[in-house]
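Scroll down for the structure; my scribbles are underneath it.
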Amino acid sequence: MSKTRIVLADDHPIVLDGLRNLVRAESDFDLVGEAASGLAALKLIREQRPDVAVLDISMPEVNGIVLTRRLTAELPGLRVLMLTLHEDRAYLNQAFEAGVRGYVLKRSAVENLVDAIRAVAVGGIYVDPAISGRALDGKRSRGASMQDNGAPALTEREAAVLKMAALGLTNKEIASRLDVGVKSVETYKARGLEKIGLRTRADLVRYASAQGWLEL
């Protein structure tokens, strides 16, 4: 079985040392490089083309959010996992809108980083359990309000499509799993998003987490 190739980027040597030890302890992980700044991480990731990049959200030269936007546009197959001290919803929103696939707090990295890497490596989404509920409170309340106001409930097929989309599957992959056409998937997705009042992928991920769709 091929190993998951990983790049780590953090400007704090002690943190980077801890991350290195976590990654090297897993037999299915291959640490292919480390960086201590945004520009160094950009150069390293372009050279190594890892499967997963673990980036500190606050780095000198180029921060993790800006770096993620550049990398996801340039390397669509890359899965970015954000490592951060920030626990408020604003940073979580920015991260997912930039294209990250995982968000892990530094204080819980020892417990959660390995699971998060494995989740995003196979196309999933990971939000640190310590903040998922708090970050999603507003979205959960909004969703309850929409249902109470008589918004149409999702059909089973619409919910299935949105769940798989939130987990990172492409329309083609969803179509294959459901044995329907790609156009049908697009229709189910558009109809479902309209019903629950969501627009962006980040909104969908937060809604999916609130519904328990992303539990690993």
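The numbers here are math on the coordinates, done by the rules we state, and not lab data. Please read these numbers as outputs of a predicted model, since none were measured by experiment. When we count neighbours, we look across all protein chains shown, and the Cβ atoms used for this are built from the backbone with ideal geometry, even at glycine.
Listed highest first by mean packing, meaning other Cβ atoms within 10 Å per residue, what order do 83-90, 53-60 come in?
Working: 83-90: 15.8, 53-60: 23.6.
The packing order, highest mean first, is 53-60, 83-90.
What is the chain's relative contact order, in percent, from Cα pairs under 8 angstrom and six or more apart in sequence?
Details: 322 pairs, mean separation 31.9, N = 216.
Answer for the chain is 15 percent.
Using the Karplus curve 6.51 cos²θ - 1.76 cosθ + 1.60 with θ = phi - 60°, what ³J(HN,Hα) values do you get for each residue of the range 42-55, in whole Hz, with x for Gly and Pro?
In residue order, the calculated couplings are 4, 5, 5, 5, 4, 6, 8, 6, x, 6, 9, 10, 9, 10 Hz.
Sort 179-189, 2-12, 164-174 by packing, meaning the average of other beta carbons within 10 Å per residue, with the highest value first.
Working: 179-189: 15.4, 2-12: 19.9, 164-174: 18.1.
Packing proxy ranking, top to bottom: 2-12, 164-174, 179-189.
At 4 °C and a viscosity of 1.567 mPa s, what translational diffusion coefficient does Stokes-Einstein give for the chain, taking Rh as the Kirkwood radius over Cα pairs? Give it in µm²/s as a whole number. Intermediate values should be presented prior to the final figure.
Working: Rh = 17.9 Å.
Reported coefficient: 72 µm²/s.
Would you calculate a helix-derived [θ] at 222 nm for the chain, using -39,500 (n - 2.57) for each DSSP H run of n ≥ 4 and dividing by the full residue count, to the nearest 500? Display every interim value, and only then the final one.
Details: 10 runs with 121 residues, N = 216.
For the chain, the value works out to -17500 deg cm²/dmol.
Which distance in Å, rounded to a whole number, links the C-alpha centroids of the range 151-197 and the range 74-89?
Here the two parts' Cα centres lie 24 Å apart.
Between Ser2 and Ser108, 0.36 nm times their residue separation minus their Cα-Cα distance comes to what? Let's see the in-between values first.
Working: separation 106, 0.36 × 106 = 38.16 nm, distance 2.73 nm.
So the extension gain works out to 35.4 nm.
If packing is taken as the mean number of other Cβ atoms within 10 Å per residue, what is the order of 63-76, 16-29, highest first?
Numbers: 63-76: 17.6, 16-29: 14.9.
Going from most to least packed, we get 63-76, 16-29.
For Val15 paired with Val182, estimate the spin-label separation in nm (one decimal), with each label point 7 Å from Cα along the Cα-to-Cβ line.
About 3.9 nm separates the two model spin labels.
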